[in-house]
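S.K.: I am attaching a structure below and will ask some questions about it afterwards.
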Amino acid sequence: MNRFKQFITARSISLGLILMLTGVMYISTLVPQQIDSTPGMLEAWRGGHAGWLWLVDTLQLHSIYGQPWFAATILCAALSLGVSSYDQLAVTRRKLYSSATASAEEIAGALPGHRLESVARTNRYRIIKSAHGDNLKFIKNSWGYFGVMLLHVGITLVILVSLFVSLTGRQGALMLVEGEQRDGRQPWNAYQHGLMVAPLQLPGTIRLDRVRVYFDDKNRQMEVSSDISFTDQAGRTESLTASINRIQHYRGLRIYHAAQYGDAFTVTFTDSKGNSHVERIMVQQAMDPAKAGYSEDFSVSWSQFLFDAKYFADADRKSMLSTNPELFLRMLDGGREIARTSLTRGVAGTLGEYIVKFDRVEKWSKLIIVDITGMSAIFAGFAIIMLGGLIHYMAPPRELIGIRLPDGNYDVYWKAAYFRDFFVEERDQMIKTFKEGNLV
């Protein structure tokens, strides 16, 4: 057991595990996560990083936080820091009650106990019961000794709760067009769940009623929000408005508005044989009348080619509130463009062998629905970490130690736990007081 404790609390192991977790979190910002991305974004990233796909697929890096190896790493880090936190408590207690003078400076000799107590009290040193009953010990800012322990406890709490979230958290993403509704029988566009829980189920039916994108008089986007309705099995309906900066709650679930939203164009493709295919193309919101919003490359079952789209909110490039958007479509063979066309509402165009017609446009948005318990404890852990750091650096403890002599007087020692040079004036003032026999 002692050997395991020595191994798990070794500085190299603890630091290595923390760095590994930090590295994994950084990787999650480089490799798009399934829950935060659209299928097209994932495919585009994979197409540009083909040499890394063996590693990405082996470790399932598109859904890092739901993987067993990630949970195992958190568990090891939690064990290491948990044992280390317990050890830090023992170290803190020893520092509080020890009267060892190995690193202390002797500042007075053969001093009566009442005089030592008086000087200590005047300089706001608080008496602490020493482990050696005959000696006296006074500490200023004794809570400073708890700073490192609080750092360990805070980090341990964050990691332990992160493990709980990793094992029990679940979430799903929906990309909805205005008027569209989903229920628990229909699949998520993306989902993720911990090892100890089943995939998240919607508590009834969700409907996207309306997407609102607000612009100021200079065509700058101010806010985006989505009006949604939940209907339970009893037929009760509750309406909510989700936005990027405002989280909504419904029956224990949290609803986030993702940064993916825009316009969904319904386009009819008609081939040379008269066969028609209707496609809905979701394009990211344009942010300026003169700048386009873009879709991802997408494939269709009826053509060997890829397609992509972009659009301008106003065909005249004047207003973001125009009702006359202009849509551009491209046909791609791999990365090579083989045809393109531009369309306005109700006007047909030619794209390769296809006659294409822009039928209508609707707003769409992506919503992320989350069932996770414990996030408040993670924030509490970070608060404890900050408190520990603040105490450690802003309140360094200083000690006065009186070692009892055979005649009942005391040799007096002074030391600072750290940042000693910051407190030499305080030390020198007490030395002067002891020599003069006067209290400051």
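S.K.: Within the stretch 40-67, work out how many residues are within 15 Å of Thr29 (Cα to Cα) and in contact (Cβ under 8 Å) with a residue 60 or more places away in the chain.
M.R.: Total satisfying the criteria: 3.
S.K.: In the stretch 157-195, which residue that is modelled with pLDDT under 90 and charged (D, E, K, R) is farthest from the chain's Cα centre (by Cα)?
M.R.: Result: Arg185.
S.K.: Based on what the data block shows, is Thr73 crowded, with 17+ Cβ neighbours inside 10 Å and at pLDDT below 85? Before you say what the answer is, go through the steps one by one.
M.R.: Details: crowded, with 17+ Cβ neighbours inside 10 Å: yes; at pLDDT below 85: no.
No: the conditions fail for Thr73.
S.K.: What number of residues in the stretch 346-376 are touching a residue at least 60 places away in the same chain (Cβ under 8 Å) and assigned to a loop (DSSP other than H, G, I, E, B)?
M.R.: Applying the first criterion (touching a residue at least 60 places away in the same chain (Cβ under 8 Å)) to the stretch 346-376 yields 351, 353-375.
From what is left, the residues that are assigned to a loop (DSSP other than H, G, I, E, B) are 353, 372-374.
So the count comes out to 4.
S.K.: Can you name the strands (runs of 3 or more DSSP E) wholly within the stretch 149-220 that have at least 3 residues being over 23 Å from Arg251 (Cα atoms)?
M.R.: By residue number, 205-215.
S.K.: Filter the stretch 37-66 for residues that are within 20 Å of the chain's Cα centre (by Cα) and surrounded by fewer than 19 Cβ atoms within 10 Å (Cβ to Cβ); which is modelled with the lowest pLDDT?
M.R.: Ranking the candidates gives Ser63 first.
Per-residue answers, yes or no, for (1) touching a residue at least 12 places away in the same chain (Cβ under 8 Å); (2) closer than 18 Å to Glu178 by Cα:
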site: Leu195; (1), (2): yes, no
site: Arg207; (1), (2): yes, yes
site: Asp216; (1), (2): no, no
site: Met222; (1), (2): no, no
site: Ser225; (1), (2): yes, yes
site: Ser243; (1), (2): yes, yes
site: Tyr256; (1), (2): yes, yes
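S.K.: Would it be correct to say that Ser295 is polar (S, T, N, Q) and surrounded by 15 or more Cβ atoms within 10 Å (Cβ to Cβ)?
M.R.: Details: polar (S, T, N, Q): yes; surrounded by 15 or more Cβ atoms within 10 Å (Cβ to Cβ): yes.
Taking the combined requirement at face value, the residue satisfies it.
S.K.: Further question: Can you pull out the residues in the stretch 393-420 that are assigned to a helix (DSSP H, G or I) and either under 20 Å from Ala110 (Cβ atoms) or modelled with pLDDT of 90 or more (or both)? Give the derivation first.
M.R.: To start, the set of residues in the stretch 393-420 that are assigned to a helix (DSSP H, G or I) comprises 393-394, 420.
Passing the criteria: Tyr393, Met394.
S.K.: For the stretch 117-129, name all the residues that are touching a residue at least 60 places away in the same chain (Cβ under 8 Å) and either assigned to a helix (DSSP H, G or I) or among the polar types (S, T, N, Q) (or both). Give the steps one after another, and end with the answer.
M.R.: Our first condition is that a residue be touching a residue at least 60 places away in the same chain (Cβ under 8 Å); within the stretch 117-129, this holds for 118-120, 122-123, 125.
Across the stretch 117-129, the qualifying residues are Ser118, Val119, Ala120, Thr122, Asn123.
S.K.: Which condition breaks for Phe379 when tested against (1) without any contact (Cβ under 8 Å) to a residue 40 or more places away in the chain; (2) under 21 Å from Met196 (Cβ atoms)?
M.R.: So Phe379 meets the others, but not (2).
S.K.: Let me ask another. Please note which strands (runs of 3 or more DSSP E) are completely contained in the stretch 242-322 and include at least 1 residues that are closer than 29 Å to Arg46 by Cα and touching an Asp or Glu at 6+ places or on another chain (Cβ under 6 Å). Talk me through it step by step, then tell me what you get.
M.R.: On the way: elements: 248-250, 253-270, 276-284, 306-312.
Ranges flagged: 253-270, 276-284, 306-312.
S.K.: Looking only at residues that are among the hydrophobic types (A, V, I, L, M, F, W, C) and buried (at least 16 other Cβ atoms within 10 Å of the Cβ) in the stretch 197-226, which one is farthest from Arg317 (Cα to Cα)?
M.R.: Selected residue: Leu200.
S.K.: Also, I was wondering about something else. Is there a residue in the stretch 227-238 that is touching a residue at least 12 places away in the same chain (Cβ under 8 Å), surrounded by 13 or more Cβ atoms within 10 Å (Cβ to Cβ) and more than 16 Å from Ser365 (Cβ to Cβ)? Even if it seems obvious, please write down each step before you answer.
M.R.: Let us first name the residues in the stretch 227-238 that are touching a residue at least 12 places away in the same chain (Cβ under 8 Å), namely 227-233, 238.
Retained after the next criterion (residues that are surrounded by 13 or more Cβ atoms within 10 Å (Cβ to Cβ)): 227-232.
Pick out the ones that are also more than 16 Å from Ser365 (Cβ to Cβ) and you get 231-232.
Taking every residue of the stretch 227-238 in turn, at least one turns out to be touching a residue at least 12 places away in the same chain (Cβ under 8 Å), surrounded by 13 or more Cβ atoms within 10 Å (Cβ to Cβ) and more than 16 Å from Ser365 (Cβ to Cβ).
S.K.: Scan the stretch 395-415 for residues that are over 44 Å from the mean Cα position of the chain (by Cα) and not aliphatic (A, V, I, L, M) and jot them down.
M.R.: Gly402, Arg404, Pro406, Asp407, Gly408, Asn409, Tyr410, Asp411, Tyr413, Trp414
S.K.: Something else about it: Take Asp134 and decide whether it is among the charged types (D, E, K, R) and either outside any helix (DSSP H, G or I) or crowded, with 16+ Cβ neighbours inside 10 Å (or both). Give the steps one after another, and end with the answer.
M.R.: Details: among the charged types (D, E, K, R): yes; either outside any helix (DSSP H, G or I) or crowded, with 16+ Cβ neighbours inside 10 Å (or both): yes.
Yes.
S.K.: Return only the number of the condition from (1) of a type in the set (D, E, K, R); (2) within 14 Å of Ala292 (Cα to Cα); (3) surrounded by 15 or more Cβ atoms within 10 Å (Cβ to Cβ) that Arg345 does not satisfy.
M.R.: Among (1) of a type in the set (D, E, K, R); (2) within 14 Å of Ala292 (Cα to Cα); (3) surrounded by 15 or more Cβ atoms within 10 Å (Cβ to Cβ), Arg345 violates only (2).
S.K.: Since Glu326 meets every condition but one in (1) surrounded by fewer than 16 Cβ atoms within 10 Å (Cβ to Cβ); (2) in the same structural domain as Ser295 (by TED's automatic domain parsing); (3) at pLDDT 90 or above; (4) among the acidic types (Asp, Glu), which condition does it not meet?
M.R.: So Glu326 meets the others, but not (1).
The values are calculated or read from the model by the stated rules, or taken from the named source; none is laboratory data. Worth saying up front: this structure is predicted, and the values here are computed from it rather than measured. Note that we place each Cβ from the backbone using ideal geometry, even for glycine, and neighbour counts take in every protein chain shown.
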